[in-house]
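Everything below concerns the one structure shown next.
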Amino acid sequence: QVQLVESGGGLVQAGGSLRLSCSASGRTFSKYCMGWFRQAPGKEREFVAVVSWSGGDTDYGDSVKGRFTITRDNAKNTVYLLMDSLKPEDTAVYYCAAATYMSVRGADFGFWGQGTQVTVSS
């Protein structure tokens, strides 16, 4: 069982940066691949990024490649999403999630946080 709590969301101007954090409870954090997803009003949930249990392998959604970076610190049970060059279309609720294997499909992630709002103004 893993409980996830996101933080770091907020309001930022286009072109700015934000770093999201996701803290996990439990002693098995390092056994999970961790992902970030987002959902904007009226839109389907979208894959953003995923990192392997060791942090050595990552994957990104096409819309954020080159702008977002996912990292993890297993000693702190935390996964991060650094978002640079933010655009108004990045506005969404961002969720972190845990899965037992690398995937870009939300259905493969068994544990989810409550989400944090990111709003990018133009």
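The values are calculated or read from the model by the stated rules, or taken from the named source; none is laboratory data. Model, not experiment: these values are computed from the prediction. Here the Cβ positions follow ideal geometry from the backbone for every residue, glycine too, while neighbour counts run over all protein chains shown. All accessible areas refer to the heavy atoms of the entire protein, side chains included, with ligands and DNA or RNA removed. Shrake-Rupley method; radii C 1.70, N 1.55, O 1.52, S 1.80 Å.
Could you size up the charge dipole of the range 1-114 around its Cα centre, putting +1 on the beta carbon of Lys and Arg and -1 on that of Asp and Glu, and report it in debye to the nearest 20?
Dipole about the Cα centre, nearest 20: 220 debye.
Using only Cα atoms, figure out Rg for the range 53-122 and give it as a multiple of 2.2 N^0.38 Å.
Here the answer is 1.16, to two decimals.
Would you tally the net charge around Ser23, using a Cβ to Cβ cut-off of less than 14 Å, leaving Ser23 out, and scoring K and R as +1, D and E as -1?
Once positives and negatives cancel, what remains is +2.
What whole-number value in Å² describes the accessible area per residue of the chain for a 1.4 Å probe?
Computed with neighbouring chains in place, this is 51 Å² per residue.
Rounded to whole Hz and in sequence order, give me ³J(HN,Hα) for the range 43-56 from the Karplus expression 6.51 cos²θ - 1.76 cosθ + 1.60, θ = phi - 60°, writing x for Gly and Pro.
My calculation for the range 43-56 gives 10, 6, 4, 10, 5, 10, 6, 9, 10, 6, 4, 8, x, x Hz in order.
Hey, any idea what % of the chain's accessible area is carbon plus sulfur with a 1.4 Å probe?
Here it works out to 48 percent.
Whole number please: convex hull volume per residue, Cα atoms of the range 1-100, in Å³.
Spread over its residues, the Cα hull of the range 1-100 gives 95 Å³ apiece.
Sort the range 1-51 into rounded, prolate or oblate with this rule: let a ≥ b ≥ c be the square roots of the eigenvalues of the Cα gyration tensor; rounded if a/c is under 1.5, and if a/c is not under 1.5, prolate when a/b is larger than b/c, oblate otherwise.
Prolate.
Kindly write out, for the range 61-69 in residue order, the coupling ³J(HN,Hα) from the Karplus curve 6.51 cos²θ - 1.76 cosθ + 1.60 (θ = phi - 60°), rounded to whole Hz, with x marking Gly and Pro.
For the range 61-69, the Karplus-derived couplings read x, 4, 6, 10, 4, x, 10, 10, 9 Hz, x marking Gly and Pro.
Which of the pairs Lys31/Lys76; Lys31/Lys87; Lys65/Lys87 have their Cα atoms more than 22 Å apart in this structure?
Lys31/Lys87
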